[in-house]
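This report concerns only the one structure given below.
The values are calculated or read from the model by the stated rules, or taken from the named source; none is laboratory data. This one's a predicted model, so the numbers in the text were calculated from it and none came from an experiment. Methodologically, a virtual Cβ is constructed for each residue, glycine included, from the backbone with ideal geometry; neighbour enumeration extends over all protein chains shown.
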Amino acid sequence: MSEHAPVSRLEKILTKGYFAVTGELGPPRGADRSVIERKAQHLKGVVDAVNITDCQTAVVRMCSMAVAKILLELGIEPIMQMTCRDRNRIAIQSDLLGAYALGIRNLLALTGDHQSFGNHPQAKGVFDLDSIQLLQIVHKMGEEGVFANGEEIEGGPVRFFLGAAENPFADPFDFRPYRLAKKVKAGAQFIQTQLIYNVPKFAQFMHRVRDLGLDQKVYILAGVGPIKSYGAAKYMATKVPGMDVPEEIVERMRKTPKEQQKEEGIKICVEIIQQVKEIPGVAGVHIMAIEWEEAVPQITEMAGLLPRPQV
Amino acid sequence: MIIANRKPFEEIKAMVAPFNRILVLGCGTCVTVDFSGGEKQVGILASELRMARQLEGKPLETLEYTVQRQCEWEFIDPIAEMVRGVDAVLSMACGVGVQAMAERYPDKIILPALNTVMMGMPIEAGVFVERCAGCGNCVLAITGGICPIARCSKNLLNGPCGGSQNGKCEVNPEIDCAWHLIYEKLKAMGRLNVLMEIIEPKDWRPAGGGGPRKIIREEVRLEV
Amino acid sequence: MSEFEPIIVTFACHYCAYGAADLAGVMRLQYPPSIRIVKVPCTGRVDVHHILTAFEKGADGVIVAGCRIGDCHFKDGNIKATRRVQYVRKLLKEIGLDEERLNMYYMSSAEGARFAEVASEMTEKIKSLGPNPLRKEAKR
């Protein structure tokens, strides 16, 4: 990576060595921007940047780019997510040029959930590229100022602060740190992980990441999130692929009386934040409180993450 | 080989409803091996149709025949007389055979009795699985002999994705995660270094992205 | 009106079912005349189109009778037959015939009584289902 000035607040925070905090927002299944404005108000000022998911679980929602632009208008820094499921390399590069022109500077490159999960399973999954190839392309657009075919981009390089996702709990477990290395090699500058509830297992993963020297090359943000209820805990533990929710946490939620479960779920999240903060190599947290954005100010307050630094 | 599957009986019955005399034409190659359209299956389908039509009070006359391969002119040319004598041909070949028949006998209605599904193999008697997607640029040398285009639900070249769980694909727990298989295979062979290289985006033109494909073998052409 | 006397084509394997049928005769056990036996070396020899042909030619019912599972003289012939009978029952449904017209039974060559029992059982069932609708003329 060549020397360059940070292109976004998030990049500035991380390069200056602050512990970063990012949030997440799921776009509406409609065209009403007031929904976004309402959710975003909870996140303003308590996180450094906000992820906008890209048709998560292959359900049609307002596109990430449009929501990112709305967030910019509200004075919130967006992290635009882009998957490989719905677009080929032509559309992807075209969208990247557009996003840049609109002022978006953070990008998370993902493979994308398979279309069979969503509400249009009959659709053709594009998958012209995979997430690693996408990282490479975006990296080259910023570093070398060229498109995927080598042609120069008119007007010069288009540089994003580039991120990728990693699931420390997916299989093959042994291979995950190497896959992370591949993403870093392809150009990933920051990583957001899948929700962490099994801190010891995550610590194991981080140990191997440090062995590979990756903590020196990429900023790793640990994924955390509050649990809404005992039912939600059970669901995540049993029905969501790639999630590891230890029995103690499910039990803890179960033992909590129903009216207090939300508070308990927030407490658990705060504890996990405090624990992962202590793991060397963890540069920040990514708080995922989908459909519960109002919990984020409380979580960041209780975890001692406020106020956010001025950069 | 090509694996096909007979269409639902109701659909076939509806297709031949307007006709009184049909040729049920089988193929002796792929669809014989996968038990979908060979001589035996021709006999079974013809018998089923005759019985069903008789129950409806609209008898159907059937000719039954199976050629060596329905996708080669030399095997379908000799049956011209048979084809002439029927209202329609119910082909039990794969899509290629049906089209060859339609091209060789342009005035005759040729109906497909099968759905052509995939290129695959029987991993045990009666169980056929997809193995090849015909992408035109084989990468099996760098994936331990396991195809990520045919066997990965997302055609990843640098997999696995985050949905791989217990060696199974997130789409369906009965599908093996191809990249899990590739990883285990290369690990067992001490060739994990292969996976550290980033595989570049695929050129999809040989896979059909450049339009329908054509291969010419100059050394066996007859016309110069 | 006289009762309909069904025709039930019965594929019986040489090593078990046919022996049982034979024994039933020797034991002077009564069983209905609807049973028309076709001896096969093994029920595994019975193919899908044999059964379909029987129905197409007007049989009211078809029995496939073989050795008990595990006792087949040819190891797994009766297992193959079981699969095929299951398959043809599905085909009968597609065609519009009652799948109950076809059944597979298992017995040893010593079970003369069993053969007679099966024959009566199936005949009763077919009588209640009525003649094969594909029959050209009604059976007197």
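Residue pairs whose Cβ atoms lie under 9 Å apart, sitting 6 or more positions apart in sequence or on different chains, and linking a residue in segment A:274-303 that is closer than 22 Å to residue A:204 by Cβ and modelled with pLDDT of 95 or more to a partner that is among the polar types (S, T, N, Q) and part of a helix (DSSP H, G or I), are A:281/A:216.
Filtered by the rule that a residue be part of a loop (DSSP other than H, G, I, E, B) and more than 8 Å from chain A (Cβ to nearest Cβ), segment B:203-212 gives B:203, B:208, B:209, B:210, B:211, B:212. For first residues located in segment B:159-178 and without any contact (Cβ under 8 Å) to a residue 60 or more places away in the chain, partners that are among the basic types (Lys, Arg) and surrounded by fewer than 22 Cβ atoms within 10 Å (Cβ to Cβ) and lie 6+ apart or on another chain with Cβ distances below 8 Å form the pairs B:174/B:168; B:175/B:168; B:176/B:168; B:177/B:168.
Results for (1) touching a Leu at 6+ places or on another chain (Cβ under 6 Å); (2) within 19 Å of residue C:52 (Cβ to Cβ), shown as yes or no for each residue.
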| position | (1), (2) |
| --- | --- |
| B:22 | yes, yes |
| B:29 | no, no |
| B:34 | no, no |
| B:43 | no, yes |
| B:47 | yes, yes |
| B:55 | no, yes |
| B:66 | no, yes |
| B:85 | no, no |
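When B:87, B:77 are checked against the criterion of being among the charged types (D, E, K, R), surrounded by fewer than 14 Cβ atoms within 10 Å (Cβ to Cβ) and more than 9 Å from every other protein chain (Cβ to nearest Cβ), a single residue qualifies: B:77.
Only one of the numbered conditions (1) within 22 Å of the chain's Cα centre (by Cα); (2) closer than 28 Å to residue B:41 by Cβ; (3) charged (D, E, K, R) is not met by residue B:154, and that is (2). Among residues of segment C:120-140 being farther than 27 Å from residue C:76 by Cβ and assigned to a helix (DSSP H, G or I), the one that is nearest to the other protein chains (Cβ to nearest Cβ) is C:129.
Which ones in segment B:169-204 are farther than 13 Å from residue B:158 by Cβ and either of a type in the set (Phe, Trp, Tyr) or not assigned by TED's automatic domain parsing to the domain that holds residue B:144 (or both)? Result: B:204, single match. The residue pairs whose first member lies in segment B:187-199 and is in contact (Cβ under 8 Å) with a residue 60 or more places away in the chain, whose second member is surrounded by 11 or more Cβ atoms within 10 Å (Cβ to Cβ), and whose beta carbons are closer than 6 Å, counting only pairs six or more residues apart or on different chains, are B:199/B:157; B:199/B:158. Among residues of segment B:150-168 being touching a Gly at 6+ places or on another chain (Cβ under 9 Å) and more than 7 Å from every other protein chain (Cβ to nearest Cβ), the one that is nearest to residue B:121 (Cα to Cα) is B:150.
Selection within segment A:147-159: residues that are among the aliphatic types (A, V, I, L, M) and away from chain B (no Cβ under 14 Å). The member of this set that is surrounded by the most Cβ atoms within 10 Å (Cβ to Cβ) is A:158. Scanning segment C:99-138 for residues that are among the basic types (Lys, Arg) and out of contact with any Gly (no Cβ under 9 Å at 6 or more places or on another chain) gives C:114, C:127.
Taken over segment B:169-202, the criterion of being more than 9 Å from chain A (Cβ to nearest Cβ) and either buried (at least 17 other Cβ atoms within 10 Å of the Cβ) or touching a strand residue (DSSP E or B) at 6+ places or on another chain (Cβ under 7 Å) (or both) is satisfied by B:175, B:176, B:178, B:181, B:182, B:186.
Scanning segment A:112-129 for residues that are at pLDDT 95 or above and in contact with a Cys (Cβ under 6 Å, 6 or more places away or on another chain) returns A:127, A:129. Residues in segment A:123-145 that are more than 14 Å from chain B (Cβ to nearest Cβ) and surrounded by fewer than 19 Cβ atoms within 10 Å (Cβ to Cβ): A:143, A:144, A:145.
Give me a count of the residues in segment C:80-119 that are of a type outside the set (A, V, I, L, M) and assigned to a helix (DSSP H, G or I). Here the count works out to 17. As for segment A:77-86, it holds no residue that is surrounded by fewer than 19 Cβ atoms within 10 Å (Cβ to Cβ) and either in contact (Cβ under 8 Å) with a residue 40 or more places away in the chain or out of contact with any strand residue (DSSP E or B) (no Cβ under 9 Å at 6 or more places or on another chain) (or both).
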